[in-house]
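Below you'll find the structure, written out as structure tokens, and then a few comments.
The values are calculated or read from the model by the stated rules, or taken from the named source; none is laboratory data. Keep in mind it's a predicted model, so treat the numbers as computed, not measured. Don't worry about glycine lacking a Cβ; one is built from the backbone with ideal geometry, like all the others, and counts go over all protein chains shown. SASA here: full protein model, heavy atoms, side chains in, ligands and nucleic acids out. Shrake-Rupley method; radii C 1.70, N 1.55, O 1.52, S 1.80 Å.
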Amino acid sequence: MLTSIWGYGTQRGDNVLTQDYLMRMFMQLAAAMKESLLRARGENDPRVAADMLDAAISDATEMDGGLLLCMAPESMAAMLQLSQPDPQLMEYVSRSLLLSSRYSSEAGDSSIAALRREQAYAVARAFGVDLDESSISQQELDALFERSGLDPRALGVAAPQ
């Protein structure tokens, strides 16, 4: 009997592999978010922080970041929906986009900041994620990490004070 590669949880092994993959993606995005917070605050380099988040989004979605991050917001959301990603992964992506928007604005790149913000909200709407400016506060990010089963202190990055 053949098993579809698209069917999640069709076999116990498939489910374990999917969970391992998702945890790796969660950890990757969580570490990038934490590191970007430190760089933006500690080194006062918001452009590097935004670039770091954009690279992490590209890695997590396994799509060409140069293409994905230049798309119109609704096109980006539609493209991501086609890949049928985990909704919680898309919560990480939408928050990362919103955080990247903040850093791009701080770096003086208002056009990229506006695009990332619109992309963040389009992805959030497409995947039923509640998103607002408070979603990228340190407390909200730590709560997201904990809901995902991640220890914010174990991400290899100390939380800013």
Residue satisfying condition, being touching a Lys or Arg at 6+ places or on another chain (Cβ under 9 Å) and among the hydrophobic types (A, V, I, L, M, F, W, C), within set L89, L69: L69
Residue list for region 101-145, filter: of a type in the set (A, V, I, L, M), assigned to a helix (DSSP H, G or I), more than 14 Å from the chain's Cα centre (by Cα) and under 20 Å from P46 (Cα atoms): I112, A113, A114, L115
Top-ranked residue in region 67-94 [being of a type in the set (D, E, K, R) and within 16 Å of the chain's Cα centre (by Cα); ranked as least open to solvent (accessible area, probe 1.4 Å)]: E91
One residue from L97, L115 being among the aliphatic types (A, V, I, L, M), open to solvent by 10 Å² or more (accessible area, probe 1.4 Å) and modelled with pLDDT of 95 or more: L115
From L89, L98, residue being part of a helix (DSSP H, G or I), of a type outside the set (F, W, Y) and within 20 Å of S137 (Cβ to Cβ): L98
Region 46-66, subset of a type in the set (G, A, S) and under 20 Å from G108 (Cα atoms), residue nearest to the chain's Cα centre (by Cα): A55
Meets criteria (open to solvent by 50 Å² or more (accessible area, probe 1.4 Å), at negative phi and modelled with pLDDT under 95) for E140: yes
